Amino acid sequence: MIHAMATAAREAARALSRATTAHKDAVLLRIGAGLEARRADILAANAKDVSAAEAAGLAPALVDRLRLDDGRLDEIVAGVRSIAQLADPAHAVVSKRKLSNGLSVSRVRLPLGVIAIVYEARPGVTVDAAALCIKSGNAVILRGGKEAFGTNQVLAEVLAQALQQEGLPEAAAALVPTTDRSATLELIQAEGLVDLAIPRGGEGLIRFVSENARVPVIRHYKGVCHVYVDVAADLDKAVAIVLNAKTQKPSACNAAETLLVDGMIAPLFLPRVGEALRAAGVRLHAEQGAREYVGEASESPDFDREYLALEMNVAVVDGVEGAIEHVARHGSLHTEAIVSEDTQACARWVREVDASVVLTNASTRFNDGGQLGLGAEMGISTTKLHAYGPMGLEELCALKWVVRGNGQTRA
């Protein structure tokens, strides 16, 4: 089955690579309309998935990622439509120059081919991945998790209908029709048919794909994200940023898991932010140096843990250098933010911190394809080759060299 799907996807990718921008955009607009038309069916299927997940004891963070409502579905529809408005990256010329021998040399984007995305809980990924791949000229094989299988089946019907109505192969965006784990193994080992595998989910899933794949893998790994509040921070701004980074959507991979505070302002800032966090329902895990200012912590912090819940580590550090050192030891190359009015401190943070997105005076929640103008994202890559950070349309393309001559031969 997987071999047949991948073979069909390869043919579909060729058809997509020939499709015009207008043709691909027409598919996306049909997907948006189809999602609106099937809204009741999608939400009903999702309610069953959520009920089954809760009965099975799925972690609250995963249940939250699984759940759809009218607002979340509206965001998915808006994302598809926004992708239709973006520039088509396929076949775009990104550089061009003339050599002394008269050759014209350019670099041109081309679709990667067939992309397999393996993901858990998030039914929105089904639509986001399909829309991004279709627009960029790639075929996608969608391997969703069992917890969202019912929802994904309805979404896949919407995708298939939109492609069929526009005369493109349904295999351009197809859902694996089984929850059997062996299908995942077959998919990520389909050398010569699948060009890239993208795992999105928990550590176990990502480790399984990374260790067993025979095709290239871009990991979308966990987000152990930090907010560092510098001695030169605007404290009102800092409180608002910390609260948003932790509480706006705690189950997201770009939610902050650790608060770092310069020791010079800890006595002033930590009681204030601690009170605000507790009022928002956040359980604090403060190290010894911070505990006297935020009150008794429930337990010791785990600086390498992605809580994905209303829980947060708190630590006091020795200035920006101490914060950078802490991030170097415990960060996950995901998202790191500094709050400071000191331009030198911010510049050092941007230069020295290694993460897919670094921010100054803004919430970590902005590490998101939709928020950064990509329309949607395949995920947030913590692998530096070939993409780093949110993967949008351009990151779903490679670059090829195009050389135009007039009879030149090499001496």
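The values are calculated or read from the model by the stated rules, or taken from the named source; none is laboratory data. Only a predicted model underlies this, so the values are computations on that prediction, with no experimental measurement involved. Because the Cβ atoms are built from the backbone with ideal geometry, glycine has one as well, and the counts that use them run over all protein chains shown. Remember, those area values only see protein heavy atoms, side chains included, never the ligands or the DNA or RNA. Shrake-Rupley method; radii C 1.70, N 1.55, O 1.52, S 1.80 Å.
Using DSSP H assignments, which helices in the chain have an axial alpha-carbon span of 20 Å or above and a mean Kyte-Doolittle hydropathy of -0.5 or higher? What comes out of the filter, once short or polar helices are dropped, is 2-18, 21-37, 39-55, 70-85, 149-165.
Between the listed residues LEU66, THR126, ILE188, the Cα displaced farthest toward the positive end of the dipole of segment 44-189, a dipole computed from Cβ unit charges relative to the Cα centre, is found at ILE188.
Accessible-area rank, largest first, for PHE208, PHE366: PHE366, PHE208, with all protein chains present and a 1.4 angstrom probe. What the pair-distance distribution of segment 93-201 shows, using all Cα-Cα distances binned every 10 Å from zero, is 14, 40, 25, 10, 8, 3, 0 percent. In percent, rounded to a whole number, the relative contact order of the chain is 18, using alpha-carbon pairs under 8 Å and six or more apart. For ARG214, what residues show an amide H to amide H distance below 5 Å, using hydrogens built from the backbone and excluding near sequence neighbours? The list, which skips near neighbours in sequence, is GLN189, ALA190. If you take the square roots of the eigenvalues of the alpha-carbon gyration tensor of segment 222-337 and sort them as a ≥ b ≥ c, do you get rounded (a/c under 1.5), prolate (a/b over b/c) or oblate? It comes out rounded by the Cα gyration axes. Amide H contacts under 5 Å for LEU359: GLU336, ALA337, ILE338, restricted to partners 5 or more places along the chain or on a different chain, H placed in the peptide plane at 1.01 Å from N.
The figure for ILE265 is an accessible area of roughly 20 square angstrom, using a 1.4 Å probe on the protein chains alone. In the Gaussian network model of the chain, springs joining C-alpha atoms below 10 Å, which of GLY192, GLY34, GLY71 carries the largest mean-square fluctuation? Among GLY192, GLY34, GLY71, the largest GNM mean-square fluctuation belongs to GLY71.
With an a/c value of 1.5 or above and a/b not larger than b/c for the gyration tensor axes a ≥ b ≥ c computed over the alpha-carbon atoms, the chain is described as oblate. By accessible area, using a 1.4 Å probe on protein heavy atoms only, segment 228-368 has 48% of its surface on carbon and sulfur.
Solvent-accessible surface of protein heavy atoms, probed at 1.4 angstrom with all chains present, puts SER332, SER210 in the order SER210, SER332, largest first. Sequence-ordered 3J(HN,Hα) estimates for segment 250-264 from the Karplus curve with 6.51, -1.76 and 1.60 and θ = phi - 60° stand at x, 7, 7, 5, 9, 6, 6, 10, 9, 9, 10, 10, 4, x, 5 Hz, glycine and proline given as x. For n ≥ 4 DSSP H runs only, could you compute -39500 (n - 2.57) per run for the chain, divide by its residues and tell me the 222 nm figure to the nearest 500? It comes out at -13500 deg cm²/dmol, rounded to the nearest 500. By its C-alpha gyration tensor, with a ≥ b ≥ c as the square roots of the eigenvalues, how is segment 350-398 shaped: rounded for a/c under 1.5, else prolate for a/b larger than b/c, else oblate? Oblate. Within segment 21-130, none of the GluC sites (Glu not before Pro) combine a DSSP coil assignment with at most 10 other C-beta atoms in a 10 angstrom radius. Take GLU157: with every protein chain present and a 1.4 Å probe, its accessible area is about 90 Å². Within a straight-line Cα-Cα reach of under 22 Å, LYS146 can be paired with the following lysines, leaving aside sequence neighbours fewer than 8 residues apart in one chain: LYS48, LYS222.
For CYS253, the accessible surface of its heavy atoms amounts to roughly 30 Å² (probe 1.4 Å, protein chains only, rounded to the nearest 10). Please identify, among LYS237, LYS48, LYS98, the residue showing maximal mean-square fluctuation in a Gaussian network model of the chain using a 10 angstrom Cα cutoff. Largest GNM mean-square fluctuation: LYS98.
Amide H contacts of ARG283 (H built 1.01 Å from N, in plane; Pro and chain starts excluded): GLU311, MET312 sit under 5 Å, all sequence-distant by 5 or more or on other chains. Among MET312, MET378, MET264, the largest mean-square fluctuation in a Gaussian network model of the chain (Cα springs under 10 Å) belongs to MET264.
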